[in-house]
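All of the numbers you see were taken from the coordinates with simple rules; none came from a lab. Predicted model, so just to flag it, every value in this text is computed and none were measured. Positions of Cβ are generated from backbone atoms using ideal geometry, with glycine treated the same way; all protein chains shown enter the neighbour counts.
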Amino acid sequence: MHTSWKENTVSTQFNAYNDMLEDILGFRYLFAVLDSDPTIHTILDYGCGPGKVAERIANQHQRYQVIAVDESENMLKIATDQRAHPQINYQLIHNNQLDFLESDSIDCAVNCFVIINNSSVDHIRHMLTEIYRVLKPGKPLLVLDSNPDATGYEFTTFRNGEKGKKYTDGDRKQQFLKIPESSDLILNDFYWSKHFYEEMLEQAGFDSIQIMEPCIDDISVSKLRQYEEQYDHSKWGDEQYQAPFVIYKAIKSA
């Protein structure tokens, strides 16, 4: 059973999820890559959901123009209603197709928590191939997903899979998101190993693949204090020492 992202209840609960950890240990690392290259202007947010990442990117710099795409009309309605922005162009897509984008036209692509929601290898391969097509040569794709080596850990805002259970590629896996003043949102995801991610990226044509796995202990004391003040939170869970997410940076061949 897949998570139906096109259902209004799922979209609404997901939008209410506190993405503090995703911000601190995921999005900010993506933004550092974007900011390190002044030639990045046009950014594709593939699988944008309710627009949380797209909005953050647009607010990072005036030079960014974000094309945010998703296959869920409900998600895009939340995005356009709550996170409309003059630097964001939200687009509904079907079957992973980016027909409205020319080849070699995008400076950077981000793909956040999309692969874990796909059960089909062919579907994932097609998605990455289409992203590769629209990227300019020499430009990066940034993939952020739940860390396949962190199943069962109790993170502050979620738990990814069952502790002690051994998963293999394609296995069904539940993710439990803690929703403020509500019951947990249970997502029916799929397990994909780090080797699988790297294999899929290579098959799509990407090279120079790098991986990042940050945890709270990797953050400087001064920076961590800023985050704790921002989120009014200082009691960390397993993210203190275990990376909850994995980030891939892959380059389209020049």
Taking the C-alpha atoms of the chain, convex hull volume expressed per residue in Å³ | 127
Run the quick spin-label model on Gln91 and Gln65: label points 7 Å from Cα toward the beta carbon, then report their separation in nm to one decimal.
-> 1.2
With an 8 Å cut-off on Cα pairs and a minimum separation of 6 or more residues, tell me the relative contact order of the range 8-252 in percent.
-> 20
Table column - 3J(HN,Hα) (Hz), the range 227-234, Karplus curve with 6.51, -1.76, 1.60, x for Gly and Pro = 5, 5, 5, 4, 9, 6, 8, 9
Counting each DSSP H run of 4 or more residues in the chain as -39500 (n - 2.57), what helix-only mean residue ellipticity at 222 nm follows after dividing by all residues, to the nearest 500 deg cm²/dmol?
-> -8500 deg cm²/dmol
Least to most buried among Arg28, Arg63, by other C-beta atoms within 10 Å and fewest first, runs Arg63, Arg28
In Hz, Karplus ³J(HN,Hα) per residue of the range 54-68 (6.51, -1.76, 1.60; θ = phi - 60°; x = Gly, Pro) = 4, 5, 4, 4, 4, 7, 6, 7, 5, 6, 7, 10, 9, 9, 10
Could you list which residues have their amide H under 5 Å from that of Lys173, counting only those 5 or more apart in sequence or on another chain, with H placed in the peptide plane?
-> Asp189, Phe190, Tyr191
Given backbone amide H placed at 1.01 Å from N, residues whose amide H is under 5 Å from that of Gln65, ignoring those fewer than 5 places away on the same chain, are Thr42, Ile43
For the range 238-243, take each phi angle, set θ = phi - 60°, evaluate the Karplus expression 6.51 cos²θ - 1.76 cosθ + 1.60, and give the result in whole Hz per residue in order, putting x for glycine and proline.
-> 5, 5, 4, 10, 10, 5
So the FRET efficiency between His126 and Ser183, C-beta based with R0 = 35 Å and rounded to 0.05, is 0.50
Neighbour-count order for Tyr191, Tyr29, Tyr46, fewest beta carbons within 10 angstrom listed first = Tyr29, Tyr191, Tyr46
In nanometres, what is the gap between the two model label sites at Lys223 and Phe100, each 7 Å from Cα along Cα-to-Cβ?
-> 3.6
Among Met212, Met75, which comes first, second and so on when ranked by fewest other beta-carbon atoms within 10 Å?
-> Met212, Met75
Long-range amide H partners of Glu154, meaning residues 5 or more apart or on another chain whose placed amide H is closer than 5 Å, are Asp238
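What is the gain in length, in nm to one decimal, between Met20 and Lys235 on full extension, counting 0.36 nm per residue of separation less the C-alpha to C-alpha distance?
Here the answer is 76.1 nm.
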